[in-house]
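Rule-based calculations on the coordinates, nothing more; no lab input. Just so we're clear, the structure is a prediction, and the values are computed from it rather than from any experiment. In this analysis, Cβ positions are derived from the backbone assuming ideal geometry, glycine residues included, and neighbour counts consider all displayed protein chains.
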Amino acid sequence: MNDDQQLTPQPDNQPAESRKGRQPETIGELQQWYADHNLPPEEVTRFFIGKNITEPKAFGIYKNEQGECVVYKNKANGERAIRYQGPNEGFAVSEILAKLREEIAKRKGNRPRGGGRRSAGNSSANANLSKNHSSGSLFGIFNKQERGGCLIVGIVIAIIAYFMPNNSVPNGYYQYNGQQYYHQGSSWYSYNTLEKVWAIAASLDEIINSDNAEQYQLNDFDGLRFEDTEWYDDGSSDDDDSYDDDTWDDDDSWDSDDTNWDDDW
């Protein structure tokens, strides 16, 4: 494959709204993420996804002829700094995505995504709950004269909950086939012991579930703590907020000269 050839994203028929909070794991998915967030053209942001650009002042990711993923930055003087070169596409994508988000946050005046950023929390849900309680109703449709109906509904819900399988896996460290993982929400992350970095991993949901999670849990982890990475969410931020923060508004202004083009990254 020619290094200058742009990779074409795999077709994704799902609407952008349904992709909220989903982390891209391939170069094609990253291109789709870029489009979903209404970002300015690559010539403006200087982020070239799927392209090996040789001109100064450019970030990029592409696959070379050996099939390796290359994440790079071309400095102001034209010198190239390689951030990552290797077979781990998920990690490569996560590296340039983190940098792209950092640049977005810099121009929007927000801090990069990470723990400690859910300001409103579940305020809408709490407001609705308060409204329901103030009306003295269950789910907003039953009143005090219909307590018998409420009891029946409650019993039905309890029966359904009892028979429905619980596939939730607790957040935390796991080990499978000698590889260390961290489970958070609906995502899995793997740890590279040599480079001491975390990256998005393929889902282990078909292997690890609520019934057998304990036998895979890792109580002693010796390495970079997942809680110290940008991936960690302590519960004070949510995916929808992250999606909105990364989405570009037409009124926003992007000046590539705001980037420090002298540093390696």
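Each label point was placed 7 Å from the Cα along the Cα-to-Cβ direction; for Q215 and Q179 their separation is 2.0 nm.
For the pair N192 and D263, the difference between a 0.36 nm per residue extended length and the Cα-Cα distance amounts to 23.1 nm.
Here the stretch 51-94 yields Rg over Rh of 0.98, to two decimals, using C-alpha coordinates and the Kirkwood radius. The phi torsions of the stretch 32-43, fed into the Karplus equation with coefficients 6.51, -1.76 and 1.60 and a -60° offset, translate into couplings of 5, 4, 4, 5, 4, 8, 6, 6, x, x, 4, 5 Hz, rounded to whole numbers, with Gly and Pro shown as x.
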